[in-house]
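Worksheet: one structure, shown below.
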Amino acid sequence: MAKKKGKAREKAKARLKVSYSPEQQVILARLTSDVTEHLADKPRRLAHSLSVAKTAERLALMYGVDPFLARAAGLLHDWEKACSASEQLAHARELGIDLGVELELVHSVLHGMIAARVLPSRYPELPPSVWHAVAVHTSAAADMGPLDEVIFVADGIEPLRPDTPGIERLRSLVGEVSLDDLFWESFVGGIIYVLEGGRYLYPGTIDVYNSLAARRAERARD
Ligand SMILES: [Fe+2]
Ligand SMILES: [Fe+2]
């Protein structure tokens, strides 16, 4: 019995093995080296970024998403975090980012949107889907695709995050529930965290929540 279980685990692991083309390997090596240099003064942020990249790659393999794009988006998702909060605010204003409220109130969601506007010219070899995933990793969006969901979830559960009951629960759901459900749990958990901490909730989050909730209810009816 134990032997059988061991074999099943080996099989599952083998399925999760990833292989990249030589071109993809070159790109990933460049991204890793660039992010390592860019976040050199923020070692914890760098470790988190590398960990999100690995976690996103693993989730992508489990859920049938492109692991190369997941790894690339994971590496770059917190690029703008090399800058201070006031620099991020200044960049957001320069880029004309308008979220309908004072940007100071929603400063924590800005870095993904900024990176998604700044990085495409630096990495034209990466497709728009990577930049969409980077843009919505903080705020989520009504049009979350599988790559977006993988990055959002990986950001929340990567192993360097402290083992809170909510995060441990999410980790235990990996591979047990659909990617949509995993994202939903992660997204709702994030809202509860904001509310419980008495923090300001970005009004756009309520719209996203309602769009997703309506879609889920519709799907449940079908
Ligand atoms: Fe982030
Ligand atoms: Fe992050």
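Rule-based calculations on the coordinates, nothing more; no lab input. Everything numeric in this text was worked out from a predicted model, so none of it was measured. Here the Cβ is made from the backbone with ideal geometry for all residues, glycine too, and neighbour counts use every protein chain on show.
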Using the 10 angstrom Cβ neighbour count as an exposure proxy, how do Val150, Val194, Val65 rank, fewest first?
Val194, Val65, Val150
Quick one: check the C-alpha center-to-center distance for segment 112-156 versus segment 188-222, whole angstrom.
19 Å
Expressed to one decimal in nm², the mean projection of the alpha carbon convex hull of segment 2-221 is 14.1 nm²
Take the alpha carbon gyration tensor of segment 100-155, find the square roots of its eigenvalues, order them as a ≥ b ≥ c, and report rounded if a/c is under 1.5; if not, report prolate when a/b exceeds b/c, else oblate.
oblate
With the chain treated as a Gaussian network of Cα nodes joined by springs under 10 Å, which of Lys42, Lys54, Lys17 yields the largest mean-square fluctuation?
Lys17
Most mobile listed residue (Tyr123, Tyr202, Tyr63) in the chain, GNM with C-alpha springs under 10 Å:
Tyr123
Which shape class, rounded, prolate or oblate, goes with segment 74-200 when its Cα gyration tensor gives a ≥ b ≥ c as root eigenvalues, a/c under 1.5 marks rounded, and past that a/b bigger than b/c marks prolate?
oblate
Using Cβ contacts closer than 10 Å as the measure, can you line up Asp163, Asp148, Asp180 from fewest to most?
Asp163, Asp180, Asp148
Non-local Lys pairs in the chain, i.e. 8 or more apart or on different chains, that have alpha carbons under 27 Å apart
16
Subtracting the Cα-Cα distance of Ala47 and Glu218 from 0.36 nm times their residue separation yields 57.6 nm
Suppose every K and R has +1 on its Cβ and every D and E has -1 on its Cβ; what is the size of the dipole of segment 2-221 about the Cα centre, in Debye to the nearest 20?
1400 debye
Which whole-number percent gives the relative contact order of the chain, counting Cα pairs below 8 Å spaced six or more residues apart?
18 percent
Computed label-point distance, nm, for sites Leu99 and Glu125 using a 7 Å Cα→Cβ extension:
3.2 nm
Within the chain, excluding any GluC sites (Glu not before Pro) found in a DSSP loop (not H, G, I, E or B) and having at most 16 other Cβ atoms within 10 Å, the longest uninterrupted segment runs 1-101
In nm, the gap between the two label points placed 7 Å beyond Cα toward Cβ at Thr32 and Glu176 is 3.2 nm
With the chain treated as a Gaussian network of Cα nodes joined by springs under 10 Å, which of Ile167, Ile192, Ile27 yields the largest mean-square fluctuation?
Ile192
Would you mind ranking Thr36, Thr138, Thr164, Thr55 so that the residue whose beta carbon has the fewest other beta carbons within 10 Å leads the list?
Thr164, Thr36, Thr138, Thr55
